[in-house]
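Notes for the one structure printed next.
The values are calculated or read from the model by the stated rules, or taken from the named source; none is laboratory data. Keep in mind the model is a prediction, meaning the values are calculated, not measured. Because the Cβ atoms are built from the backbone with ideal geometry, glycine has one as well, and the counts that use them run over all protein chains shown. Just the protein is used for accessible areas: all its heavy atoms, side chains included, with ligands, DNA and RNA removed. Shrake-Rupley method; radii C 1.70, N 1.55, O 1.52, S 1.80 Å.
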Amino acid sequence: MQTIYLITTGGTIEKAYSEQSGAVLNVASKIGAYLQKLRLPDCDIQVIPLLNKDSLEMTEEDRAAVVKQLAQLLPQGHPIVITHGTDTMVQTGLAIRDAVAGLQVPVILTGAMTPLGFEGSDGLQNLTESLLAARLLGPGVFVVIHGQVFPVDQVRKDKALATFVSTKIAN
């Protein structure tokens with residue numbers, strides 16, 4: 001049985017519509033309900049709810065909390081997936097890369113452009129792909145989204161395309 005740690009930090013993937021405010025907000029984690037929809041017979045997903053924020057509201061203290069949580073989990077030797085808002089996902093990934101030396105497992109950041117449960121959401125696809133990538137990739141920090149895998153230092157969000165694109169310069 002493969003164990004994968006899944007740290008949730010909020011972001012669009014976790015947002016819900018609030019009838020009271022008429023806005024889409026981070027209210028409560030809903031990843032667990034979506035994991036139950038997946039067939040993962042030989043995988044033990046350990047969900048660790050850390051934050052529930054829009055990534056534009058994340059602070060350096062929040063990123064430090066993510067790094068601290070990783071430091072506690074990494075000695076177990078299991079892959080780690082982090083759900084995160086897409087606007088500052090790369091920034092958090094770079095903070096992880098810079099703070100954690102000698103990674104022995106993949107650390108994957110993923111999120112969504114449209115919240116889980118909304119029509120046309122990419123959230124479940126991205127979550128599923130990230131769980132598979134966690135089992136296949138070697139050590140490092142990656143962004144996995146929309147059927148693509150990027151080293152965290154070679155990617156950026158393209159708002160016009162509503163996806164992530166490589167920043168690697170082709171030879």
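Within the stretch 92-171, which strands (runs of 3 or more DSSP E) (wholly inside it) include 1 or more residues that are at pLDDT below 95?
Values: elements: 106-110, 140-145, 148-151, 155-158, 163-166.
Qualifying strands (runs of 3 or more DSSP E): 155-158, 163-166.
Per this entry, His84 is not counted among residues that are over 15 Å from the mean Cα position of the chain (by Cα), surrounded by 15 or more Cβ atoms within 10 Å (Cβ to Cβ) and touching a residue at least 60 places away in the same chain (Cβ under 8 Å). The condition (being over 21 Å from Thr12 (Cα atoms), touching a Phe, Trp or Tyr at 6+ places or on another chain (Cβ under 7 Å) and crowded, with 16+ Cβ neighbours inside 10 Å) is satisfied by just one residue among Pro106, Pro79: Pro106. Taking the listed residues Val165, Val90, the one that is without any contact (Cβ under 8 Å) to a residue 12 or more places away in the chain and open to solvent by 10 Å² or more (accessible area, probe 1.4 Å) is Val165, with no other qualifying.
When the stretch 47-70 is examined, which residues are found to be aliphatic (A, V, I, L, M), in contact with a strand residue (DSSP E or B) (Cβ under 8 Å, 6 or more places away or on another chain) and more than 16 Å from Glu14 (Cβ to Cβ)? Steps first, answer last, please.
Initially, the stretch 47-70 is screened for residues aliphatic (A, V, I, L, M), giving 47-48, 50-51, 56, 58, 64-67, 70.
Narrowing further to those that are in contact with a strand residue (DSSP E or B) (Cβ under 8 Å, 6 or more places away or on another chain): 47-48, 50-51, 58, 65-66, 70.
Passing the criteria: Ala65, Leu70.
The number of residues in the stretch 42-76 being open to solvent by 20 Å² or more (accessible area, probe 1.4 Å), free of Cβ contacts under 8 Å to residues at least 40 places away in the same chain and not polar (S, T, N, Q) comes to 11.
In the stretch 12-32, is there at least one residue being surrounded by fewer than 17 Cβ atoms within 10 Å (Cβ to Cβ), modelled with pLDDT of 70 or more and either over 19 Å from Gly85 (Cβ atoms) or within 17 Å of the chain's Cα centre (by Cα) (or both)? Yes - at least one qualifying residue is present in the stretch 12-32.
Applying the condition of being basic (Lys, Arg) and in a helix (DSSP H, G or I) to the stretch 41-73 and asking which residue is farthest from the chain's Cα centre (by Cα) yields Lys68.
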